[in-house]
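Participant: This structure is in structure tokens; I'll ask about it shortly.
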Amino acid sequence: MEYQTITYKEIKENPEVTALMERGNDMLGALGYTEHSKKHACKVAKGAGDILSSLGYDKRICELARIAGYMHDIGNCVNRTDHAHSGALLAFQILRGLGMPPEEVACVVSAIGQHDEKTGTAVDPVSAALILADKSDVRRNRVCNRVKATFDKHDRVNYAAVTAELTVLTEKKTVQLDIELDEEICSILDYFEIFLQRMLMCKRAAEVLGLKFRMHANGHKMC
């Protein structure tokens, strides 16, 4: 079999991937979850690729991180529960059908399958970069619920996030998440109560990349 070099651009333009992503986002919206649209997918894809690029990883590895980052939430079209696993299986079928080499398929699929904090952890550079990019995407415009009085705890935390920026400080061998929270909506303690497991996942992901994970909230060093 003649294998193909599949690019991030091709995946972004693939109608099958688009249909799965849009259906998943619509379904989560109906259930009251935060936004998981193309905007989130593109942000995670860019972030994952940029993290590895800044650390000097091979261009193809960076491209696989972008592909995994873009496809990581397609499993939501099946069900939010175990979406990482169903998403990995869907990605396997799509990428194999496109002719991606088996070792690259395996790399992307394992990264997608490991990205949820309930069941996964970073196991290699691609999965680590995906986790860091995904878990740092906390922002107000991800909240689909427009009625503040009915916000759940996740809505409140995301809505309170005025800015969130992830930076790789190569000289310090550190990846740093800087978040500005509106504490009239959500306190820093509330943030950690909800996202502690995610931050621990980021710490593990940073370690896989040979980095320390640091977080600053409203200028205060939290970890």
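The values are calculated or read from the model by the stated rules, or taken from the named source; none is laboratory data. Predicted model only: the values in this text are computed from it and were never measured. Reconstructed Cβ throughout: ideal geometry from the backbone, glycine too, with neighbour counts over all protein chains shown.
For (1) under 17 Å from residue 41 (Cα atoms); (2) hydroxyl-bearing (Ser, Thr, Tyr); (3) without any contact (Cβ under 8 Å) to a residue 60 or more places away in the chain, each residue gets a yes or a no:
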{"site": "58", "(1), (2), (3)": "no, no, yes"}
{"site": "68", "(1), (2), (3)": "yes, no, no"}
{"site": "74", "(1), (2), (3)": "yes, no, yes"}
{"site": "93", "(1), (2), (3)": "no, no, yes"}
{"site": "96", "(1), (2), (3)": "no, no, yes"}
{"site": "103", "(1), (2), (3)": "no, no, yes"}
{"site": "107", "(1), (2), (3)": "no, no, yes"}
{"site": "113", "(1), (2), (3)": "yes, no, yes"}
{"site": "143", "(1), (2), (3)": "yes, no, no"}
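Participant: Of all residues in segment 204-223 being over 16 Å from residue 52 (Cα atoms) and outside any strand (DSSP E or B), which is modelled with the lowest pLDDT?
Facilitator: This residue is 223.
Participant: Provide a single number: the residues in segment 181-191 that are in a helix (DSSP H, G or I) and either loosely packed, with under 15 Cβ neighbours inside 10 Å or in contact with a helix residue (DSSP H, G or I) (Cβ under 7 Å, 6 or more places away or on another chain) (or both).
Facilitator: Kept after step one, since they are in a helix (DSSP H, G or I), are these residues of segment 181-191: 188-191.
Cutting the leftovers down to either loosely packed, with under 15 Cβ neighbours inside 10 Å or in contact with a helix residue (DSSP H, G or I) (Cβ under 7 Å, 6 or more places away or on another chain) (or both) gives us 189-191.
Summing the residues that are in a helix (DSSP H, G or I) and either loosely packed, with under 15 Cβ neighbours inside 10 Å or in contact with a helix residue (DSSP H, G or I) (Cβ under 7 Å, 6 or more places away or on another chain) (or both) in segment 181-191 gives 3.
Participant: Using the structure shown, decide if residue 87 is in contact (Cβ under 8 Å) with a residue 24 or more places away in the chain, buried (at least 24 other Cβ atoms within 10 Å of the Cβ), touching a helix residue (DSSP H, G or I) at 6+ places or on another chain (Cβ under 9 Å) and of a type in the set (Gly, Ala, Ser). Walk me through how you get there before you give the answer.
Facilitator: Numbers: in contact (Cβ under 8 Å) with a residue 24 or more places away in the chain: yes; buried (at least 24 other Cβ atoms within 10 Å of the Cβ): yes; touching a helix residue (DSSP H, G or I) at 6+ places or on another chain (Cβ under 9 Å): yes; of a type in the set (Gly, Ala, Ser): yes.
Judged against the criteria, residue 87 is a match.
Participant: Could you please give the count of residues in segment 125-139 that are farther than 11 Å from residue 164 by Cα and part of a loop (DSSP other than H, G, I, E, B)?
Facilitator: 0
Participant: Is it true that some residue in segment 34-55 is over 12 Å from the mean Cα position of the chain (by Cα), of a type in the set (A, V, I, L, M), more than 21 Å from residue 199 (Cβ to Cβ) and assigned to a loop (DSSP other than H, G, I, E, B)?
Facilitator: No: zero hits.
Participant: Let me ask something additional. Could you tell me whether residue 178 is crowded, with 21+ Cβ neighbours inside 10 Å and out of contact with any helix residue (DSSP H, G or I) (no Cβ under 7 Å at 6 or more places or on another chain)?
Facilitator: Considered against the rule, which asks whether it is crowded, with 21+ Cβ neighbours inside 10 Å and out of contact with any helix residue (DSSP H, G or I) (no Cβ under 7 Å at 6 or more places or on another chain), residue 178 comes out as no.
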